[in-house]
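Asks: Sending over a structure as structure tokens; questions will come in a sec.
The values are calculated or read from the model by the stated rules, or taken from the named source; none is laboratory data. Model, not experiment: these values are computed from the prediction. We place every Cβ from the backbone using ideal geometry, glycine too, and count neighbours over all the protein chains shown.
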Amino acid sequence: MFRLQLIPLLFTTVLLSQAVLADPDYDGDGIADARDNCPTEHNSEQESLFFDVVFLGDACNPDDDVDGVPDEIEDQLEYRDSRGTDLGKDSIGNVIHTTNTDSDGDGANDIYELNTGTDPFVADDFATLSLTDYVPLGDIEYTYRAQVTIEPPTYNQEFTETVDEDSPGIYKNTSYALFGEGDHYYRIGKDGIYLKSLYRDYFVEGEWNSGIEEIDLLHLPFEIQEGGTVVSSGDSKCTYEHCLDHIIYMIDRGEMIFNDESREYITLASSVFSRGVYYIYLKDIGLYGTHYMNLIDYKINSRVDVAAVAAALPDEEQTERVEPESSSGGGGGGAVNLFWLVLASLSLLSRRRLTV
């Protein structure tokens, strides 16, 4: 009799064990990790202000309205709101995330000043730094880990991407496929690193195309003021409407602990970036990631001396740049609308290739 009762008990235990293994719930909130927008934070309601943009629930998203300023800072300011009610909307009701407002006219945007602890309404002096220190080129391997459960990627799964020389003088970075973009192809110019081309879905002459689109625009200049804005124009081959006027905004700078070491970082927002409104870069390492995907390890097998290559180029390599117009107190004209970024990358997400 004892053995007859034990058999169904063992059978039930095996089934339950298999169910737990097949459908784990790390945070115990009743939502399986495979469907949880915050797998490590208890949030059974799954609230998410802008899930389609960052894939994160509010419980684990440090910036719920994705405006570049952490909730903990905005919640202390009467004139800002971490829930996005202070953000403008376009003619069809989509939220406009403005990154180029410079209320005191000192060349550093308000978001940068809030993030770094200076007063956006009092003019300050800011240093100039090199952007190319944050995007090394050469033979480099990066390992990223998903922080949320999007498919692809899957929560807690690791992905290895590379930067290497695809053809003479052209360096291919596959990391951006993890962030809703295609591969980036760079070249070194006289005044900085150029985004020569992108693998993407793009719209030309009334038809959608998939493949490598030639852009060849200045992506990261050698120097930028802290919190500054750089507009690239001139001989660019870009046809995609949102990168015709390519703008880079620096919205944060500081130090963070990475692999038990203190590392300098900068945060950039750009109209050419896809789902991630802004990306974090580690000095001398490269792309760290954004809300839902972060770098966990890297290996630099060899690195190109970008400054030496640039110095050896003939002067005619220089591309004319147009300085941005002043945006003090405003910011509507240069705003980054996150929702067109989502629409532009939906088809790419469904077919992008991941290298594990």
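Asks: Among the residues of segment 88-105 satisfying the criterion of being in a loop (DSSP other than H, G, I, E, B) and buried (at least 21 other Cβ atoms within 10 Å of the Cβ), which is modelled with the lowest pLDDT?
Replies: Taking segment 88-105 and keeping what is in a loop (DSSP other than H, G, I, E, B), we get 90-94, 98-105.
Filter once more, so that each one left must be buried (at least 21 other Cβ atoms within 10 Å of the Cβ): 98-100, 102.
On the way: Thr98: 72, Thr99: 76, Asn100: 77, Asp102: 93.
Per the stated criteria, the residue is Thr98.
Asks: Hey, among Asp166, Asp104, which residue is within 27 Å of Ile285 (Cα to Cα) and either touching a residue at least 40 places away in the same chain (Cβ under 8 Å) or assigned by TED's automatic domain parsing to the domain that holds Gly189 (or both)?
Replies: Asp166
Asks: Of everything in segment 175-193, what is modelled with pLDDT of 90 or more and surrounded by 21 or more Cβ atoms within 10 Å (Cβ to Cβ)? Give them in sequence order.
Replies: Matches in segment 175-193: Ser175, His184, Tyr185, Tyr186, Ile188, Gly189, Gly192, Ile193.
Asks: Taking the criterion of being crowded, with 18+ Cβ neighbours inside 10 Å and more than 24 Å from Tyr249 (Cβ to Cβ), would at least one residue in segment 121-140 satisfy it?
Replies: yes
Asks: Determine which single condition Thr116 fails, assuming it passes every other condition in (1) at pLDDT 95 or above; (2) exposed (fewer than 11 other Cβ atoms within 10 Å of the Cβ).
Replies: Thr116 satisfies every listed condition except (2).
Asks: All but one of (1) touching a Pro at 6+ places or on another chain (Cβ under 8 Å); (2) modelled with pLDDT of 90 or more hold for Leu131; state the number of the condition that does not hold.
Replies: So the condition that Leu131 fails would be (2).
Asks: Would you confirm, using the coordinates I've provided, whether Thr85 is in a helix (DSSP H, G or I) and either more than 23 Å from the chain's Cα centre (by Cα) or at pLDDT 65 or above (or both)? Write out each step before concluding.
Replies: Working: in a helix (DSSP H, G or I): no; either more than 23 Å from the chain's Cα centre (by Cα) or at pLDDT 65 or above (or both): yes.
When the stated conditions are applied, Thr85 does not pass them.
Asks: Could you check Phe203 against (1) part of a loop (DSSP other than H, G, I, E, B); (2) modelled with pLDDT under 70 and say which number it fails?
Replies: (1)
Asks: Separate question: Out of all the residues in segment 45-53, is one or more assigned to a helix (DSSP H, G or I), within 29 Å of Glu226 (Cβ to Cβ) and among the acidic types (Asp, Glu)?
Replies: The answer is no; no qualifying residue exists.
Asks: Related question: Kindly indicate the residue of segment 171-191 that is charged (D, E, K, R) and outside any loop (DSSP other than H, G, I, E, B) and also farthest from Gly289 (Cα to Cα) among those meeting that condition. Spell out how you get there, then give the answer.
Replies: We begin by selecting, within segment 171-191, every residue charged (D, E, K, R); these are 172, 181, 183, 187, 190-191.
Pick out the ones that are also outside any loop (DSSP other than H, G, I, E, B) and you get 172, 187.
Working: Lys172: 17, Arg187: 21 Å.
Within segment 171-191, the match that is farthest from Gly289 (Cα to Cα) is Arg187.
Asks: Something else now. Select from segment 279-303 the residues that are assigned to a strand (DSSP E or B) and over 16 Å from the mean Cα position of the chain (by Cα) and write down the one among them that is surrounded by the most Cβ atoms within 10 Å (Cβ to Cβ). So that I can check it myself, show each step before the final result.
Replies: In the first step, residues of segment 279-303 are kept if they are assigned to a strand (DSSP E or B); the result is 279-282, 286-289, 293-303.
In the following step, the residues that additionally are over 16 Å from the mean Cα position of the chain (by Cα) were identified as 297-303.
Working: Asp297: 13, Tyr298: 21, Lys299: 11, Ile300: 15, Asn301: 10, Ser302: 11, Arg303: 13.
Across segment 279-303, the extreme among qualifying residues is Tyr298.
Asks: If Pro136 passes every condition in (1) assigned to a loop (DSSP other than H, G, I, E, B); (2) under 29 Å from Tyr185 (Cβ atoms); (3) touching a Ser or Thr at 6+ places or on another chain (Cβ under 9 Å) but one, which one does it miss?
Replies: (3)
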